[in-house]
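The numbers here are math on the coordinates, done by the rules we state, and not lab data. Just so we're clear, the structure is a prediction, and the values are computed from it rather than from any experiment.
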Amino acid sequence: MNVQYDFSDRVVIITGAARGVGRAMVRQFADAGAKVIAADRDEDGLNETVDGLGDVARTVVADISTVDGAQAIVQAAFDRFGRLDVCVNNAAVAPHASLFDETVEVWDTVYAVNCRGTFLMTQAAGKALRDQGEGGRIINFSSGVSNRGSAGAAAYASSRAATESFSRVAAIELAVHDILVTCVSPGLIDTQPKPLPPSMKDGLSKRIPTLPLARAGEPEEVGNLVMWLASDASSYAVGHVYAVDGAAGIGTRAGHEIVDEDVRYDWVTGRTRS
Ligand SMILES: NC(=O)c1ccc[n+]([C@@H]2O[C@H](COP(=O)([O-])OP(=O)(O)OC[C@H]3O[C@@H](n4cnc5c(N)ncnc54)[C@H](O)[C@@H]3O)[C@@H](O)[C@H]2O)c1
């Protein structure tokens, strides 16, 4: 099956566009005819992202955790392309540390980017879409780790849980303006810079075989869900958190033959034992 989206005449903001999932989404939306504002704090990475895309993709170097940064990104959509249809709030940071080693400075920066940044971008894009008066889409990001106790992820996991809660509130408030807010929750996605450092290589080589599909997801597989949520096809899918995690959030890989040797249920299965 081949699914093709047509985002012609739609203007899409993507934050965190200098690498990883954000970079993939810029290219996917541009390929589907959208005009894209690619925003990030990393100018070099942004230039690599839009290399070869021509006038359909414009870059904005800005920090989403500041009022000015968020407003500059949203304003760029109007200055460069004259309108806004979709805002994808993908930018985030995920440093890990043990609870005992976590510092206030790092904790605050994680919350400033992941929570305040998502809030400021949603507020700025929401106001602009409301004033434009044609509805729109805002797609926030979370992580599967928000539902699990994962060692080292205190700041990151809890900050992503906050974006899920925030997105539900935003969805209710903005629905009256026909602005549909959703939240995407990826599992393990292959975006880590290569070569992997030894600790990460070791951790992933143990973790990946336990995933239901026994592989990490590709950035484009997250982009595919985001494109659906940004499209007319998802017009009644509002306010929820949508996982794209290869089932990692619901279980581990079925790696053995299923044998029921529990004698309690012999009467159910009809099994007889010698
Ligand atoms: N990669 C995964 O395994 C994974 C898993 C679960 C959730 N996610 C989520 O998916 C999204 C994308 O993940 P990724 O792996 O591509 O991330 P990444 O770290 O590779 O890229 C994030 C981008 O955001 C930018 N950014 C960070 N802070 C910013 C700020 N203050 N202002 C502007 N830009 C800023 C960075 O410069 C970078 O380009 C994130 O929201 C993340 O929480 C990723």
Quick one: P(r) of the chain from all Cα-Cα pairs, 5 Å bins, percents rounded to integers, in order of increasing distance. 1, 6, 12, 16, 18, 15, 11, 7, 5, 3, 2, 2, 1, 1, 0, 0, 0
What does the convex hull of the Cα atoms of the stretch 199-274 come to per residue, in Å³, rounded to a whole number? 192 Å³
Cα atoms only: what Rg and Dmax, in Å, come out for the stretch 18-144? 15.1, 49
Aspartates and glutamates near Lys35 by alpha-carbon distance under 15 Å, same-chain residues fewer than 8 away left out - which ones? Asp6, Asp9, Asp51, Asp55, Asp79, Asp85
So what's the angle, to the nearest 10 degrees on a 0 to 90 scale, between helix 154-175 and the longest Cα principal axis of the chain? 60 degrees
Rounded to the nearest 10 degrees, the helix 117-132 long axis (Cα) sits at an angle to the longest Cα principal axis of the chain of 50 degrees
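Report, in deg cm²/dmol and to the nearest 500, the calculated mean residue ellipticity at 222 nm for the chain, where each DSSP H run with n ≥ 4 adds -39500 (n - 2.57) and the sum is divided by the residue count.
Roughly -12000 deg cm²/dmol at 222 nm, from the helical runs in the chain.
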Excluding residues on the same chain fewer than 8 positions from Lys206, give the lysines whose Cα lies under 26 Å from its Cα. Lys194
Binning every alpha carbon pair distance of the stretch 140-244 at 5 Å from zero, what are the percents per bin? 2, 11, 18, 20, 20, 13, 8, 5, 2, 0
Taking only Cα atoms, what is the 0 to 90° angle, nearest 10, from helix 198-207's long axis to the longest principal axis of the chain? 60 degrees
